[in-house]
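The values are calculated or read from the model by the stated rules, or taken from the named source; none is laboratory data. Keep in mind it's a predicted model, so treat the numbers as computed, not measured. Neighbour counts are summed over all protein chains in view; Cβ atoms, including those assigned to glycine, are modelled from backbone coordinates with ideal geometry. To get the accessible areas, we keep the full protein, side chains included, count just its heavy atoms, and leave off ligands, DNA and RNA. Shrake-Rupley method; radii C 1.70, N 1.55, O 1.52, S 1.80 Å.
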Amino acid sequence: MTDISAIEKPRSQWSDVWSQFKTHKGAVAALTVFVLLILFVTVGPFIWTADPTYINPDAAQMIRTRNKPPSWDFPLGTDQLGRDMLARMMKGGQVSIAVGLVAMTISILLGTLVGVTAGYFRRLDGPLMRLTDLFLALPLLPLLLVMVMLFRDPLSRTLGPEGGTFLLIVFAIGVTSWMQAARIVRGEVLALKEREFVLAARSIGTPSRRMILRHILPNVVSPIMVSATLGIASAIITESALSFLGLGFPPDFPTWGRLLFDGVDYIQQYPERVIWPGVAISLTVLSVNYIGDGLRDALDPRIRGR
Amino acid sequence: MLTFTIRRLLLAIPTLLFISLVIFLLVDFAPGSPMSQIPLTVPPEVRLRIIEAMGANEPIFVRYLLWLKQFFWVEPLVMIDGIFGTTWSEGMQRIVSWQSRSPVMDIIAERMPQTLTVVGSAYVIGVLIAVPIGIYSAYRQYSWFDQIGTFIAMIGFSVPTFFTGVVLILVFSVNLGWFPSIYNTSLRVTDWDSFLQQVRQMAMPVAVLALYNASQISRYMRSSMLDNLAQDYVRTARAKGMSERVVVLKHVLRNSLIPVVTVIALGIPTIFGGAIITEQVFKVNGLGALLINAIQGSDLPMVQTLTFIFAVLIVLFNLIADVLYGMLDPRIRYD
C-alpha cells in the first residue's frame, strides 16, 4: 500500500545536482574556501579600510613605516614603501579574481559560439574546426607575452594604465583559451542533433535560431559549466604568470601575481611577502579545480543517484 | 599508415605557413614596435638609416618572404655547411638579431643545451614517477594511496610553477642552504665534483617541473588503467589462472600505455613553453630566458623565430602523437 503523502515531491534537476555535489567532500570544502576568498576580497576592504596605494608623503615617516613585521596596525606588515600588505592583498585579489572571471566569460562565449555553430551547421564544421586546430597549434604563452609587450603601452595611453592593461590581459587570455570549450561543445551538439527531441522540434518547423536557444543550448550547459570553472583557474594562473614575468599590470597596481613578483626581490629578508600572495593564488586555483571536479561528477547523470 | 603520415606532413605545411604569417603580422603591425621607440631627437635622416640598417624599411610582404626564405632555405643550408664543411650558404643573408647583431640561430643553438638538460630531464623524471603512481592508484582505487595521490596531483597542477619554485628556493637555498638558487650556465662538467655541483643546481628546477608534469601524467595513467582493468580480457586472463603480476603489468599496462604515450608526446612542446617561467625563477639561461629578453628588448627577428620554432614543435609533436597512436593501437585505422 502506498500512501499518497509518501510520494516524494517532484525534484528539479538542479536540486539533484546539488545533492550529488554535496556528497563530494573535497568540492564542498573547496566551495567554502572559495566563498571565503571572495568575501575576503569584496567585503574585506569595507572592514579593513586602509588604502592599498597609500605612501606616506612625509619621507621620514615613510621610511619608519616600511618593511614592518606584522603588528596590530599592519596585520600582514608593510612593503618596501610602507604600504599596508593586507589592503594590498585584498585589492590584488579583486583584480586577480576579476581577471579570472571576465577572461573565462570571454573564452566560454567564444568557445560556445564556435562549438555550437560548428556542431549545428554542417557546412561550417570543417572550416571552424580547422581554425580551432590552428589556434591549438599556436604557442600560447609566448604569443601572450608578445601581445602584452606590443599592445600594453598604446592601450594604456588611450584607456588609462589600469583599464587598458585589464582589457588587454582579459582579452588576450580569452582569445587564446576558447579552443577546449569549443571542442567539447561541438562534440555534445553533434550527439544531441541525432536525438529524437531535436527531430521532433525540427518536424514542427522550428527555425534554427530557436532550435539552438531552446533545445540545444540548455542541454550543453553542464559541460560548459565544468569548462567554465576550470577556465577561471587557468585564467588566474595565466594572469599571475604574466605579472610574474613583469609583463602584467603596472607596478603600483597590485594583483596577486604582481605582489609575488615584487616580493621575490626581498625573499631573503621578508619571505612572508612571497608566501601570502602565492598561497592566495594556489588556494583559489586549488578550490576552483576541486569545485570543477565536483561539478563534473554532479552533472554526470550516469554517476548521479549512486 | 604511410599515406596517412605523408598526408599529415603535407597538411602541416599550410598550417605552419599560416601560423608564421600570424606571428609575423602580429609582431609587425603592433603599435609598440621598435621603430616607434627611436627617440624623436634623432634627426630624420639618421632615423631612416637606423631603420634601413635594421632591414625594416621594406614593405611587409617582402620582409615576410625574405624571412621565410631565410628560415626554410638559408638556415638549413648553414646547418648542412656546419656538418659537412660545404660552402653552399656563403654570401647568403641569415636571420640576424637586432639586439646582438649575430645570427639568431647561433644564439638559439647556444641556449638549447641548458633548456634541454633542465627541461628534458625534468620531463623524463616526471614520466618515470607518474607511471608507477598511476598504475598503483588505479589498481588500488580509493585506497589511501590513491586518495593521497589524487590530492598531490591536484596540488601539483593547481599551484603555479613560479610559486613552487619560489617556495623551494626559500626552503632549500635561503633557509637550509642545500642548493644554489641561481643556475650557473658556465659550469662545465669535467670531474666528479663539478658533476655533483651540476646535480645540485639542477635539483630544484627539475623538481618543480617534474612535479607539475608528473601530476598530469599520473592522472592520465590512472584513468587509462581504470578503463582497462574493467575490460573482459582482464577477467579472462585472471580466470586462466595468471598471476596478478602478469595480468596487471603485462596485459593491462601494455594496453593502458597507448593513450598515455600520446599524451606524453603531446606534452613535450608545451613543456618548452611552460619552462619559460621556471627558467625565469631559477635564472636558467635557456630558450625561455632568451625569449623574455628578446621581448623586453623588442628584438623582432628573435621573437618571431623563437615563437615560430615553438609552433613547429607543437605541430611536429601533434603529428608524432597521431602516428604513434595509429602504430600502437591496431584498432585505429586512418586509411
In segment A:67-186, with Lys and Arg counted as +1 and Asp and Glu as -1 at Cβ, which of these residues, A:Gln180, A:Thr158, A:Pro142, has the Cα nearest the positive end of the dipole, that is, farthest along it?
A:Gln180
The answer for B:Val96, listing residues at least 5 apart or on another chain whose modeled amide H is closer than 5 Å to its amide H, is B:Val104
For chain A, what does -39500 (n - 2.57) per DSSP helix run (n ≥ 4), summed and divided by total residues, give at 222 nm, in deg cm²/dmol to the nearest 500?
-23000 deg cm²/dmol
Looking at the calculated P(r) for segment B:212-335, what percent of the C-alpha pair distances fall above 21 Å?
56 percent
Find the centroid of the Cα atoms in segment B:142-158 and in segment A:76-150, then give the distance between the two in whole Å.
27 Å
At least 30 Å² of accessible area lost relative to the chain alone, listed for segment A:268-300 with a 1.4 Å probe:
A:Gln268, A:Ile275, A:Ser282, A:Leu286, A:Asn289, A:Tyr290
Choice from B:Thr236, B:Thr185, B:Thr278 showing the highest fluctuation, given a GNM over chain B with Cα pairs closer than 10 Å:
B:Thr236
Using only C-alpha positions, report the orientation-averaged shadow area of the convex hull of chain B, nm², one decimal.
24.0 nm²
Work from the charge dipole of chain B (Cβ charges, +1 for Lys and Arg, -1 for Asp and Glu, about the Cα centre) and give the residue of B:Ala321, B:Leu11, B:Trp192 farthest towards its positive end.
B:Ala321
So what's the angle, to the nearest 10 degrees on a 0 to 90 scale, between helix B:144-158 and the longest Cα principal axis of chain B?
10 degrees
Under a 1.4 angstrom probe, counting protein chains only, how are B:Met1, B:Met327, A:Met179 ranked by accessible area, largest first?
B:Met327, B:Met1, A:Met179
B:Leu48 - accessible surface, heavy atoms, 1.4 Å probe, Å² rounded to 10:
110 Å²
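Dipole size in debye (nearest 20) for chain A around its Cα centre, Lys and Arg Cβ +1, Asp and Glu Cβ -1? Don't skip to the answer; put the middle values down first.
Details: 29 positive and 23 negative charges, 218 e Å.
In total the dipole reaches around 1040 debye.
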Rounded tilt (10° steps) of B:192-229 against the dominant C-alpha axis of chain B
60 degrees
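To the nearest 0.05, what FRET efficiency results for A:Leu39 and B:Thr86 with a Förster distance of 56 Å applied to their C-beta separation?
Efficiency, from the Cβ-Cβ distance: 0.20.
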Magnitude of the charge dipole, chain B, Cβ model with Lys/Arg +1 and Asp/Glu -1, debye to 20:
1060 debye
Using only the Cα atoms of segment A:91-210, what do you get for the radius of gyration and for Dmax, in Å?
18.3, 55
Nearest 10 degrees, 0 to 90: what angle lies between the long axis of helix B:44-53 and the longest principal axis of chain B (Cα atoms)?
40 degrees
When the charge dipole of the protein assembly as shown is computed with +1 on Lys and Arg Cβ and -1 on Asp and Glu Cβ about the Cα centre, the Cα farthest towards its positive end, among B:Thr87, A:Thr112, B:Phe308, belongs to A:Thr112
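Quick check for the protein assembly as shown: number of Lys pairs with alpha-carbon distance under 30 Å, counting only pairs 8 or more apart or on different chains?
Going through the protein assembly as shown pair by pair, I get 6.
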Alpha carbon centroid spacing (whole Å) that separates segment B:257-283 from segment A:199-234:
34 Å
Can you give the accessible area per residue of the protein assembly as shown, in Å², using a 1.4 Å probe?
51 Å²
Cβ neighbours within 10 Å from other chains - mean over B:150-162
5
Quick one: order B:Phe157, B:Phe18, B:Phe272 from most to least accessible surface, probe 1.4 Å.
B:Phe18, B:Phe157, B:Phe272
The protein assembly as shown - charge dipole about Cα centre, Lys and Arg +1 at Cβ, Asp and Glu -1, debye rounded to 20
1840 debye
For the protein assembly as shown, go through all pairs of different Cα atoms, get the mean of 1/r, take its inverse, and jot down that Kirkwood value in Å.
27.6 Å
For B:Ser223, B:Ser218, give the ranking by accessible area with the largest first, probe 1.4 Å.
B:Ser223, B:Ser218
Among the DSSP H helices of chain A, those whose Cα atoms extend at least 20 Å along the helix axis and whose mean Kyte-Doolittle hydropathy is 1.0 or higher are A:25-42, A:85-120, A:140-159, A:161-175, A:221-244
Among B:Tyr142, B:Tyr64, B:Tyr325, which one shows the biggest mean-square fluctuation in a GNM of chain B, springs joining Cα atoms closer than 10 Å?
B:Tyr142
Dimensionless Rg ratio for chain A, taking C-alpha atoms and the 2.2 N^0.38 Å reference
1.22
Once ligands and nucleic acids are excluded and a 1.4 Å probe is used, how much of B:Leu249 is accessible, expressed in Å² to the nearest 10?
90 Å²
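Summing -39500 (n - 2.57) over the DSSP H runs of n ≥ 4 in chain B and dividing by its residue number, what mean residue ellipticity at 222 nm do you reach, to the nearest 500 deg cm²/dmol?
Helix-only estimate at 222 nm: -23000 deg cm²/dmol.
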Nearest-10 value in Å² for the accessible area of B:Leu2, using the 1.4 Å probe:
130 Å²
